[in-house]
1. Choose one of A183, S219, G196: the residue whose Cα lies farthest towards the positive end of the charge dipole of region 99-250 (beta-carbon charges +1 Lys, Arg; -1 Asp, Glu; about the Cα centre).
2. Using only Cα atoms, find the angle between the long axis of helix 23-32 and the longest principal axis of the chain, and express it within 0 to 90 degrees, rounded to the nearest 10.
3. Roughly how many whole Å is it from the C-alpha centroid of region 121-197 to that of region 205-282?
4. Based on other C-beta atoms within 10 Å, arrange E56, E187, E162 from fewest to most.
5. Taking K75 as the anchor, which lysines have their alpha carbon closer than 23 Å to its alpha carbon, excluding any fewer than eight residues away along the same chain?
6. Can you tell me how region 165-282 classifies by the Cα gyration tensor, rounded, prolate or oblate, using a/c under 1.5 as the rounded cut?
7. Semi-axes of the equivalent ellipsoid for region 178-247, please: Cα gyration tensor eigenvalues, times 5, square-rooted, ordered largest first, whole Å.
8. Against the 2.2 N^0.38 Å scaling, with N counting residues, where does region 105-220 land? I'd like the Cα-based Rg ratio to two decimal places.
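Each reported figure results from applying straightforward, stated rules to the coordinates on display, with no laboratory input. All figures in this text were calculated on a predicted structure; none of them were measured in a lab. Please note: Cβ atoms are built from the backbone with ideal geometry, for glycine as well, and neighbour counts cover all protein chains shown.
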Amino acid sequence: MLATVAKMKDRPIGVFDSGFGGLTVARALIDLLPREDVVYLGDTARYPYGSKPQNEVRDYALQIARLLVRDFNVKALVVACNTAAAAALRELEREFDVPVFSVIEPGVRALTQVTRSGRVGVIGTTATIGSGAYQTAVTELNRECGERRIELVCCATPGFVEFVERGETDSEQMRILAQRLLAPVREAKVDSLLLGCTHYPFLARPIADAVGRDVVLVSSADETAFDVVRRLAGRDLLGSGNADAGTHRWLSSGDTEWFASMGRTLSMPEIDEVDQIVWEEI
């Protein structure tokens, strides 16, 4: 057993998303765990996930996770995509014997820690909001908390991911779309808003302008990274720290040059080489 744990410690952490959004989680992980090796896969050939059927997204998530476990020997899987987590988390936990992390529960915890009134909102892709994953997480939290109850307002925001993937994070068109789609959130008078898609932190400025600057925007990226640190430490799976800095490997199923360029622009200036992943038909 000790030998097995020792071998697992120095294996990389696997992180995946439909595209670039999960880089917010990878960024937080690398900053918190600079000596850990990380493998990141952006499934840009098949993005966006948010408008696809849940069973299709689940199949994609399982295919990616199998590749990361089989070919890259990861010691943990971080599902840095809210849509994929909502569609496939339970199946991933059942299939793999490595820890599996979602962005959903950490995001809800962070949201409830900052609210003053208990009236909160979450925005996400059509698939994520339609899955009921956030509604379920808040219901369970209310059951645990007893007296203090959280009232959740959900709002789907189709089109946001596509703006990020095109690098249009603060264009006039993006601002117009945000004003229109986020009107229900603004009218609900929430005091805090969870960005329920890892792409959305890149849109923080137009989102804040649309809902009002007094609304606290909450990203699940940092809280997810803290969750990874806590749980890996609890299993004695944090790296042994023999290297001064971990190695970071970048994979994309789409245009690798575009991935490198966009990734450097958004949050990962250290991205250099990106390896191509070609999917076999599911």
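1. Highest projection toward the positive end goes to A183.
2. Between helix and principal axis, roughly 60 degrees.
3. Taking the Cα centre of each part, region 121-197 and region 205-282 sit 21 Å apart.
4. Ordered from fewest to most neighbouring Cβ atoms within 10 Å, E56, E187, E162 come out as E187, E56, E162.
5. K7, K9
6. oblate
7. Its equivalent ellipsoid spans semi-axes of 36, 13, 8 Å.
8. Normalised Rg, Cα atoms only: 1.01.
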